[in-house]
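The numbers here are math on the coordinates, done by the rules we state, and not lab data. This structure is a prediction, so every number in the text was calculated from the model and none was measured. So basically every Cβ, Gly included, is an ideal-geometry build from the backbone, and we count neighbours across all protein chains shown.
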Amino acid sequence: MSSCFDQSNSRQASSFRAVADLIEIAGAMPGTTVVVVGGERVEDLRLVESARDHGIVERIMLIGDRNRIRQAVDGVGID
């Protein structure tokens with residue numbers, strides 16, 4: 001039973017490395033503009049902000065209710 005657990009952890013670790021490799025490759029490419037419809041969703045804001053931090057996204061356009069977007073942006077703490 002422990003060998004199955006060990007294999008699962010090994011696959012998970014390689015999966016995390018693969019994601020890190022993709023982030024590194026994408027970060028080396030020129031940043032792009034991303035449009036987020038329903039831009040007040042906090043989870044989406046955190047995701048695109050992380051992509052911006054890694055150089056994947058240069059500019060983010062948020063589409064939706066201005067007041068709700070402003071609240072979400074302030075809540076996440078991004079510019």
Practice item. Take each of the peptides 66-78, 49-61, average the number of other beta-carbon atoms within 10 Å over its residues, and list them starting from the highest. Key: 49-61, 66-78
Study note, to complete from the structure: Per the Kirkwood formula over distinct C-alpha pairs, the hydrodynamic radius of segment 31-79 in angstrom is 10.5
Check your understanding: In nm, to one decimal, how far is the R59 label point from the V76 one, both placed 7 Å along Cα→Cβ?
Key -> 1.8
